[in-house]
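The values are calculated or read from the model by the stated rules, or taken from the named source; none is laboratory data. All values derive from a computational prediction rather than experimental measurement. All Cβ positions, even for glycine, are placed from backbone atoms using ideal geometry, and neighbour counts span all protein chains on display.
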Amino acid sequence: PWWSLVVLHHINYDPEVVQRVFLYSHVGHDPLTSLTNMAACSVEELLAKAEQEEAAKLKSISVQKELDLEFDIGNLLACDRNRIESRDFRQQKKEDFLLSLARDNTQLLINEIWKQPTERVEEVIVVKLAAPTTPLPREKPPPKPRPPTKWEEFAKLKGIQKKKKTNLVWDETAKEWKRRWGYKRAKDDTKEWLIEVPESADPSEDQFAKRVKAKKERVAKNEFNRLKNIARAQKVKVPGMGLTPKAQQSKDELSRAVSVAKTSTASVGRFQDRLPKEKAPKNTGKRRKFEPLIGDFSSERQKQLELLKVMDSKRPKLDVTKAVNKQMREEDREEATAKHKKAAGKRGRRGNMSGKGRYRYRAEAEKMVVVHSYRPNWPDELELSPGDVILVLSKHEEERWFGRLQDGQRGYFPASCVMELSQVNLPAKALRRSLSVRSSACNNDSGVRGRHVNGHILQARWRGSRGGSGGAGLDGGQGESESPFLAQRPQIPLPQPVASQPQMHRSPGLLHRILSKCRKKTECQGATNGAFEGD
Amino acid sequence: MIMKGGNTSQTITQALKDIYALKKPNAVLYKKKNITRPFEDSTSLEFFSKKTDCSLFLFGSHNKKRPNNLIFGRLFDFHVLDMIELGIEKYVSLSEIKTSKCPEGTKPMLVFAGEAFDTDSEHRRLKSLLIDFFRGPTVSAVRLAGLEHILHFTALEGKIYMRSYRCLLKKSGCRTPRIELEEIGPSFDFVLRRTHLASDDLYKLAHRQPKALKPKKKKNISHDAFGTKFGRVHMQKQDLSKLHTRKMKGLRKRRGEEVAEDQDGQAPKVAKLES
């Protein structure tokens, strides 16, 4: 019939029409049986043909495989796990075999890709890919999580949990839900219209203004802390709280401000001039570091036990000798600088003090022989006659030395009058050791009598440094030591070296000063002189 | 990073150039020879990777003992993770196959065939390395017409065959096109030589993803066995007498009762308005 021809024409091009053919066939079946019988055969043929052709079309894109391939659409990847028969491989030409295999696999992959959703982007059809599923190693390690903040650490240590608070709070007076904090919040004490004046307060005080002021202060403090936190996080150094501008500033604050200002130059204050009487700042640099409150328990326990042990032990807490010597050294040093400046001014000399000259007690005293006679011009000078053996104690100045004669006289003399002995001195260490033994023995006896401590040490040193006199001299010296010294003092009150005079005046309160100074920080600058360790 | 070793043959140089052409915008080919042995001392490789910020490298060399040698490798955190040495047995270069090529920069499709790529551990690592090497940049969408380039790897009888094809999308009756392939690119016949694979824990460490990349779970969504999506809606307590439901005509009360109800109904209505 005519419509069958038409349908045939369409079948080759539009598969949808095939379905319509089915409908027509069904419709056609009922009313016109004779016609449809005839048509049925041809329709069935048609349908069979249509099916065949559809299969053929699908065949063109369908591939038969034993195992399904695994797809990773995100990477456009397909994995074929089927066995490849080596027989087939060797039969055909390699390239053709590989080509056909590739074609099959690619067809399956394309089928899979075409199942994904597509969209039209600027007149181009684009298929959206899912995320890649095959795990591949990263190029670089993942970034580390940020370190916990100070609060987070503290909260963790204390076991503080984060509690979620509601944003709104019921306000009884206003009978509505108000914010917990912020604009128009529930409990705003600055907005109260009635404030009870407490009994202890001044009646003329403005309580409202007081509250407003307190609030402003809290806000300012909060802001300041925030900035400090930022500075700490970014490791920017800011001056401490003590440098905020104030009406009245104490001496401490002013000095701290000065030091901060000094170090705020490009060279961190290295080339800043100092005022004539200005002292170097004391507490610059590292301040004491305190252990945290809740730290290492074992170490804390250890420290406390050690402390108790120390407290228990019978050893004296204060090493008197050490303290005394330290004090004396300090005083001498100060005095020497003062004296030297004065001397420099007096005699018009260059203040070129040798390092050795500062210390009065020298282990290596030199024995010299007088070659020229000398008559003293000043009260603190010695009379020299040729042939005397003189012990040079210090070479303060180049031409003017301080020494001691054999009869015990001490004083200054010109260096040109003396000449070195060719004798070999005792080794310095032995000297020092003998000195230390002597001096400690002496000191232990006269621990309290600060007055004579100085003298003892002086004598002990002189005795020991003599060396040649030997043990007898040393032993005998004990009894003598006091007397010559004591005797000397009234004998030569004036020719005494200027340095020791202030010493005399100072000595009564020496121990007091030492004990008071005990708690102060020592300024032990530079290397300690080995000569004083024995003391 | 594509670099040459102390001694290279013509095959190797040509092979390196071809692979560079395959990977064009995302690779760097060094012209100078580097006298190093990656399997013995990999410090210079690490130095180069730090300089160029590349984590994949290809090192070509030629000795009497190992002719036509290619070392594929990758680095993690600028330290060598995996290195696999492949020897070239047969090589056909790009220039020898005279057909029109794909434009450079196209994302290739990768197909791996053969059981060895799943069973043998070394082949598995090799597969992962080759995927890493040859896949292009990760994109979210791809133009359908631009799916042209295919790299096909076959593991067979201890050898690995790499072929590069261009696919032509032919019309088929349905939406999905039919594929026809034609060979374009370089074809290699590799044989697996030495390997230097990372230990298991280093490999695992290299796979660690940061927490941020994990897909975020959406709350209040659950799925049942059939795939239906469920969620919970939270409501306040409702006054069921005031619900507005569909009015079923048959359930309505009769005339007399209705009048009484109307009267009752009106009074509360009025009260409501007032309040």
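Data table
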quantity	calculated
Test: A:ARG103 is within 9 Å of chain B (Cβ to nearest Cβ), loosely packed, with under 15 Cβ neighbours inside 10 Å and touching an Asp or Glu at 6+ places or on another chain (Cβ under 8 Å)	no
Residue match in region A:150-159 (condition: touching a helix residue (DSSP H, G or I) at 6+ places or on another chain (Cβ under 9 Å) and either within 14 Å of chain B (Cβ to nearest Cβ) or assigned to a helix (DSSP H, G or I) (or both))	yes
Exclusive hit being surrounded by fewer than 17 Cβ atoms within 10 Å (Cβ to Cβ), at negative phi and facing chain A (nearest Cβ under 10 Å), set B:GLU180, B:GLU157	B:GLU180
In region B:193-204, residue surrounded by the most Cβ atoms within 10 Å (Cβ to Cβ) [restricted to those that are out of contact with any Gly (no Cβ under 7 Å at 6 or more places or on another chain) and in contact (Cβ under 8 Å) with a residue 24 or more places away in the chain]	B:ALA198
Failed item in (1) within 23 Å of A:CYS79 (Cα to Cα); (2) under 24 Å from the mean Cα position of the chain (by Cα); (3) not basic (Lys, Arg), with B:GLU157 passing the rest	(2)
Strands (runs of 3 or more DSSP E) contained in region B:102-196 and holding at least 1 residues farther than 19 Å from A:ASP104 by Cα	B:141-143, B:159-170, B:187-196
Residue satisfying condition, being in a loop (DSSP other than H, G, I, E, B), over 37 Å from the mean Cα position of the chain (by Cα) and touching a residue at least 24 places away in the same chain (Cβ under 8 Å), within set A:THR133, A:THR166	A:THR133
Enumeration of residues in region A:202-249 that are among the small types (Gly, Ala, Ser), modelled with pLDDT of 85 or more and assigned to a loop (DSSP other than H, G, I, E, B)	A:SER204
Where a residue in region B:116-145 is facing chain A (nearest Cβ under 7 Å) and closer than 18 Å to B:LEU58 by Cβ and its partner, wherever it lies, is part of a loop (DSSP other than H, G, I, E, B) and among the hydrophobic types (A, V, I, L, M, F, W, C), with Cβ under 9 Å and at least six apart	B:SER128/A:LEU136; B:ILE131/A:LEU136; B:ASP132/A:LEU136; B:ARG135/A:LEU76; B:ARG135/A:LEU136
Residue among A:VAL324, A:VAL320, A:VAL310 that alone is of a type outside the set (Gly, Ala, Ser), in contact with a Gly (Cβ under 8 Å, 6 or more places away or on another chain) and modelled with pLDDT of 85 or more	A:VAL324
